[in-house]
Each structure stands twice: as structure tokens, then as C-alpha cells.
Amino acid sequence: MNVAHEIDLLVVEIQRLGSKNDQGQTTVKFGVLFSDDRCANIFEALVGTLRAAKRKKIISFEGELLLQGVHDQVDVVLLQE
């Protein structure tokens, strides 16, 4: 799969699993994304897709890299719906 297509799929999954924050942006915890069976089947490298989407300013999250367990409570915020 190409990166742009995976980012599009990521946006759909964040919208499916997330909820709106007080600024009207869709947000989901990294642990929810990582643990979801559908996401596990879609993304071979979820963390890589998240980093690519962050570089393109489609999503935002604190830090450079998200790791399962350690960063499960980190919010992944969708900047572009």
C-alpha cells in the first residue's frame, strides 16, 4: 500500500474509534487504535503510518514515537477531517 492510502484509512479509523474534544477535533487514545482488531488487520506498521500522518500535519500527538503500553493514554488528534 502507498502511504497516502494508508493515511486515508487511518483518518477513517480515527473517526470510527474517536470522539470529539472541546475544540471539535476528533481524538482517540493510541492504546485504543493499537488494540483495535480492525486496525491491526489494516495497518502492518501503525506507528509508521501515524508518524507519516503527523509529518503531513493530518494528525497530532505528543512526542516523536508512540509505543504500546508506555503511550496507550496519549491522545491522537485528527487535525484534518
Across region 24-48, which residue is farthest from Leu66 (Cα to Cα) among those that are among the polar types (S, T, N, Q) and modelled with pLDDT of 95 or more? Gln25
Considering only residues of region 9-67 that are polar (S, T, N, Q) and farther than 18 Å from Gln80 by Cβ, which is least open to solvent (accessible area, probe 1.4 Å)? Ser35
Any pair with Cβ under 8 angstrom, 6 or more apart, that starts in region 55-81 at a residue that is under 18 Å from Gly18 (Cβ atoms) and ends at one that is small (Gly, Ala, Ser) and modelled with pLDDT under 95: His71/Gly63; Val74/Gly63
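The values are calculated or read from the model by the stated rules, or taken from the named source; none is laboratory data. Treat the numbers as computed from the prediction; the structure is a model and nothing was measured. All Cβ positions, even for glycine, are placed from backbone atoms using ideal geometry, and neighbour counts span all protein chains on display. With ligands, DNA and RNA removed, areas are computed over all heavy atoms of the protein, side chains included. Shrake-Rupley method; radii C 1.70, N 1.55, O 1.52, S 1.80 Å.
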